[in-house]
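Worksheet: the structure to be examined is printed underneath.
The values are calculated or read from the model by the stated rules, or taken from the named source; none is laboratory data. In this text, all values refer to a predicted model and were calculated from it rather than measured experimentally. Positions of Cβ are generated from backbone atoms using ideal geometry, with glycine treated the same way; all protein chains shown enter the neighbour counts. SASA here: full protein model, heavy atoms, side chains in, ligands and nucleic acids out. Shrake-Rupley method; radii C 1.70, N 1.55, O 1.52, S 1.80 Å.
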Amino acid sequence: MRKMTHIVTLVTTFALIFSISAFGAEKPKNFPERPIEVVVQYGAGGGSDIFVRSLMLPARNILKVPINVTNMTGGAGVRASQYVLAQPADGYTIYNFSPEQLINTAFGRENYKEEFAPLCQVQQDISMFYVNEGSKFKTIQDVIKFAKENPGKLQFTGTTPASPDETIIMLFAKKAGIEVRYIPFDKAPESHAAVLGGHLDILHEEPGVILSLIEAKKLIPILVFTEERLKKFPDVPTAKELGIDITMGRWRGLAVKKGTPQPIIDYLASVMKQASEDPRYKEVAAASLLDIRPGWKGPEEFGKFWDEEYENYRNIFLDLGYIKK
């Protein structure tokens, strides 16, 4: 009898150790028991949508419950944020947290510190400018020259107003000494189509989302916002080469409603870490050039990063005159 009790204790201990070591955090009791919803504040087919859907493929297998992805555009992310905040703080609603939530806070439309809790950052993407194959602009120098000779006529596009897209475009314009217009779309494919069709001049986008268009030479990259030139595009200059020190890029992560129990946050974060190391996800990330910059941050580090990024964006908007002190 004593031997049997000892065996049961060993099995129980091993199960607990496996529960912790397999995921990096102990699985909360009775979680999850039903489907989880992940809300994306952008349309289908964009970088954030691809990120969430590719990450949730392995996450479903780990959590062993359905994970439903909901696209909810509008209001520069405010509509999606309001939906998430209307749900219980129980871990069953996860938010694709992006720079827009920090930007919206700077504009007084949201308050990220009071509303959301960090789960994890997974990606750190790259920003680039593109023209279509028939564009009269062959280099970024052509763009700057035209803009200086025709103030306000050059038209850029990206996803949503007051977004990282607009921030990078307008910050570049100010540092380059040019006046440009920004025409946003709620869905990334719409902005791609506007430049492909010659309706707008220059697209701001991450390369992974439009790699097939780049490889088909339908969209031509003319500038990259990185510290050094990319091996994939060795002929594309960096903004730093022009004396414009901008290396910003969109990052992607996940958050939950503030008040969600910390054990659930820690468990979900560890599950997403394991999912991000799954070969299926890594294949998608590599194909989209998302393995160039390290992206992973856990809950505590991601939370500190939010505060740093908020100050960065706030200072940029003060410099651009978008907000006042």
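Looking at A193, A173, A188 in this structure, which one is at pLDDT below 95 and not polar (S, T, N, Q)? Walk me through it before giving the result.
On the way: A193 fails: at pLDDT below 95; A173 fails: at pLDDT below 95.
Exactly one of A193, A173, A188 is at pLDDT below 95 and not polar (S, T, N, Q), namely A188.
Being closer than 24 Å to S270 by Cβ, in a helix (DSSP H, G or I) and open to solvent by 20 Å² or more (accessible area, probe 1.4 Å) is the filter here, so list the residues in the range 48-84 that pass it.
I50, R53, L57, R60, N61, I62
Considering only residues that are among the aliphatic types (A, V, I, L, M) and within 20 Å of T139 (Cβ to Cβ), which ones fall in the range 197-219?
Across the range 197-219, the qualifying residues are L200, I202, L203, I210, L213, I214, L219.
Say we look at the range 215-263 and pick out the residues that are within 18 Å of the chain's Cα centre (by Cα) and in a loop (DSSP other than H, G, I, E, B); which of these is surrounded by the fewest Cβ atoms within 10 Å (Cβ to Cβ)?
My answer is T247.
Evaluate the following for P161: is it in a loop (DSSP other than H, G, I, E, B), at pLDDT 95 or above and surrounded by fewer than 18 Cβ atoms within 10 Å (Cβ to Cβ)?
No: the conditions fail for P161.
Pairs please, first residue from the range 199-213 and over 16 Å from A287 (Cβ atoms), second anywhere and polar (S, T, N, Q) and open to solvent by 20 Å² or more (accessible area, probe 1.4 Å), Cβ atoms under 7 Å, 6+ apart in sequence or on different chains.
Once the first residue is over 16 Å from A287 (Cβ atoms) and sits in the range 199-213, its partners that are polar (S, T, N, Q) and open to solvent by 20 Å² or more (accessible area, probe 1.4 Å) give L200/Q155; D201/Q155.
I'd like the full set of residues that are open to solvent by 50 Å² or more (accessible area, probe 1.4 Å) and either closer than 18 Å to A162 by Cβ or not hydrophobic (A, V, I, L, M, F, W, C) (or both), limited to the range 185-196.
Those that are open to solvent by 50 Å² or more (accessible area, probe 1.4 Å) and either closer than 18 Å to A162 by Cβ or not hydrophobic (A, V, I, L, M, F, W, C) (or both): F185, D186, K187, P189, E190.
For the range 266-290, name all the residues that are surrounded by fewer than 22 Cβ atoms within 10 Å (Cβ to Cβ), modelled with pLDDT of 95 or more and touching a strand residue (DSSP E or B) at 6+ places or on another chain (Cβ under 8 Å).
The answer is K273, S276.
Report, by residue number, each residue of the range 85-119 that is farther than 18 Å from Y310 by Cα, within 19 Å of the chain's Cα centre (by Cα) and open to solvent by 10 Å² or more (accessible area, probe 1.4 Å).
T93
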